[in-house]
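Participant: There's a structure below that I have some questions on.
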Amino acid sequence: MIEREFIKQKKKEFQIEEFVSDSLNNVGHSKTKMQRTPLGEKIIIAASRPGLVVGREGRNIKDMTSSLKKKFKLENPQIEIQEVENINLDPKIIAERIASSLERFGPTRFKGVGHKAMADVMGAGALGVEIRISGKIPSSRAKRWRFYSGYLKKCGESAISGVKVAYANAELKSGTIGIQVKIMPPELRLPDDIKLTEEKEEVVEETIKEGEGEKEAIGKAKEEEEKAAEEKKEEAKAEEKKEEAEKKEKTQ
């Protein structure tokens, strides 16, 4: 029973995120995240143009809040809008930009649109980018065009968790065009990215306690006194030997 409740909640969250993304068109929508708080459900929307998401006097937010209450039976949905810092490193925004350009200018300029989007991503500092445009473009036969630059992981944990992937659709007269964008962000650390750091020599300073220092000083003073006394004794013995030798010489 608990597993079913978890599945039901995740399914509801996915439906809400899908509804929000479908209702936001041409506003630079990046992602939607839902959080449960004691006051109610908190829906975080990340977009490149927050003003279009809010609308005049907050009409879009009010309409979205009322529709979320009716459709998904949410008691107190709170919508928070965040601005995307670097739009050229967000694959969802890049895919939507390509789709809107194709719908505006048509399929004849798809190569220029793809190359410009690729240059913008690489100019933002990405390690690699891949753009796939598939559909009846530019002719009546379906094809797949690939634009790529830099280095992009295709397999392994880095490709699954590190590479950002997004999809978008463009509705043209010839049909629906699918767009896939993969971006390898600059902050991604690869397993073979190893940096050697110089070892710092640790200088250990020997500290002598006050009591130990005093003892050592007293011991040294005693040793010096003993040496001086021994030297005086040796000098006295040498003088006695000299005197005895002088007496013997006189008697002879």
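Where a number appears in this text, it was derived from the coordinates with a stated rule and is not lab data. No experiment lies behind these values; they were computed from the predicted model shown. For neighbour counting, all protein chains shown are included, and Cβ atoms are generated from backbone atoms with ideal geometry for every residue, glycine included.
Participant: Tell me, what is the FRET efficiency for Lys154 and Glu57 to the nearest 0.05, using R0 = 35 angstrom and their Cβ-Cβ distance as r?
Facilitator: Efficiency computed from Cβ-Cβ geometry: 0.15.
Participant: Send over the Kirkwood Rh of segment 46-189, from the inverse of the averaged 1/r over different Cα pairs, rounded to one decimal Å.
Facilitator: Its Kirkwood hydrodynamic radius stands at 17.0 Å.
Participant: Highest mean first, how do 128-135, 27-34 rank when packing is the count of other Cβ atoms within 10 Å averaged over residues?
Facilitator: Descending mean neighbour count gives 128-135, 27-34.
Participant: Could you list, bin by bin from short to long, the percent of Cα-Cα pairs of segment 2-84 in 10 Å steps?
Facilitator: Going from the shortest bin to the longest, the percentages are 17, 53, 25, 5, 0.
Participant: What share of all Cα pairs of the chain, in percent, falls into each consecutive 10 Å distance bin?
Facilitator: 6, 19, 19, 16, 7, 4, 4, 4, 5, 5, 4, 4, 3, 1, 0
Participant: Still on this structure, please answer the following. Sorted by average packing, counted as other Cβ atoms within 10 angstrom per residue and highest first, what order do 183-196, 51-64, 99-112 take?
Facilitator: 99-112, 51-64, 183-196
Participant: Cα-Cα over 32 Å: which of Lys153/Lys200; Lys62/Lys92; Lys33/Lys116; Lys8/Lys143; Lys10/Lys92; Lys70/Lys153?
Facilitator: In this structure, Lys153/Lys200; Lys8/Lys143; Lys70/Lys153 exceed 32 Å between Cα atoms.
Participant: Across segment 115-124, in residue order, what do the Karplus-derived ³J(HN,Hα) couplings come to in whole Hz, using 6.51 cos²θ - 1.76 cosθ + 1.60 with θ = phi - 60° and x for Gly and Pro?
Facilitator: The phi angles translate into 5, 5, 5, 5, 5, 5, 5, 5, x, 7 Hz.
Participant: Quick query: amide H of Gln78 versus all other amide H atoms, modeled in the peptide plane; which residues come in under 5 Å with a sequence gap of 5 or more or a different chain?
Facilitator: Here Glu41, Lys42, Ile43 satisfy the definition.
Participant: Let me ask another. Calculate the length of the line joining the C-alpha centroid of segment 42-116 to that of segment 142-160, in whole Å.
Facilitator: A separation of 25 Å, based on Cα centres.
Participant: Now for a different question. Pairs of alpha-carbon atoms within less than 8 angstrom and 6+ residues apart define the contacts here; what relative contact order does segment 88-184 have, in percent?
Facilitator: Relative contact order, segment 88-184: 36 percent.
Participant: Using only the Cα atoms, what convex hull volume per residue in Å³ does segment 13-58 have?
Facilitator: Convex hull volume per residue, Cα atoms: 76 Å³.
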